[in-house]
């Protein structure tokens with residue numbers, strides 16, 4: 001393998017990276033409005049994320065997780081594609097669940113996302129989805145590897161979310177680092 005040498009002046013320091021990390025919007029997108037999608041994208045821009053990923057869930061995954069019916073995945077993906085084109089968004093619509101065509105546990109989805117996209121990883125969730133995620137036994141394992149951004153202030157907090165309060169915040173508020 002051939003080496004390439006780069007000459008730099010004495011005392012050169014590379015410029016600080018302005019954008020880094022990945023924000024993943026993990027949701028069914030069944031009832032997601034364009035305003036909610038805009039808010040999520042604005043959060044990604046405000047916090048300088050390199051990637052903004054939309055992760056729509058397969059019908060089987062939603063049926064097992066939430067026990068409610070949803071439209072077909074391709075219809076929800078088409079809605080996201082239309083929103084993306086209308087806004088000229090650089091968001092990535094992750095098609096992992098469309099390839100699998102079956103129930104995908106959240107652990108499997110998160111493992112795929114953390115392998116594919118650069119760190120640090122943030123999950124953008126609705127309060128209901130965050131409480132559901134906190135109810136899983138693997139939550140404690142995942143919450144130390146990624147952070148959560150909730151779309152709204154939750155009315156009810158799962159005890160695990162309360163325990164790891166320092167690992168999540170709400171999209172509209174900015175945390176002060178002490």
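Examine segment 135-146 for a residue that is part of a strand (DSSP E or B), out of contact with any helix residue (DSSP H, G or I) (no Cβ under 6 Å at 6 or more places or on another chain) and crowded, with 17+ Cβ neighbours inside 10 Å, and state whether such a residue exists.
Scanning segment 135-146 turns up no residue that is part of a strand (DSSP E or B), out of contact with any helix residue (DSSP H, G or I) (no Cβ under 6 Å at 6 or more places or on another chain) and crowded, with 17+ Cβ neighbours inside 10 Å.
Out of 123, 80, report the one residue that is under 18 Å from the mean Cα position of the chain (by Cα), modelled with pLDDT of 90 or more and under 12 Å from residue 29 (Cβ atoms).
80
Hey, any hits in segment 32-49 for a residue that's closer than 19 Å to residue 133 by Cα and either touching a residue at least 40 places away in the same chain (Cβ under 8 Å) or surrounded by 13 or more Cβ atoms within 10 Å (Cβ to Cβ) (or both)?
yes
Select from segment 107-132 the residues that are part of a helix (DSSP H, G or I), in contact (Cβ under 8 Å) with a residue 60 or more places away in the chain and touching a helix residue (DSSP H, G or I) at 6+ places or on another chain (Cβ under 7 Å) and list them in ascending order.
109, 132, listed by residue number.
So, in segment 82-106, exactly how many residues are surrounded by 14 or more Cβ atoms within 10 Å (Cβ to Cβ) and either touching a helix residue (DSSP H, G or I) at 6+ places or on another chain (Cβ under 7 Å) or closer than 22 Å to residue 36 by Cβ (or both)?
Here the count works out to 12.
The values are calculated or read from the model by the stated rules, or taken from the named source; none is laboratory data. Owing to the predicted nature of the structure, the values given are computational and were not obtained by experimental measurement. Here the Cβ is made from the backbone with ideal geometry for all residues, glycine too, and neighbour counts use every protein chain on show.
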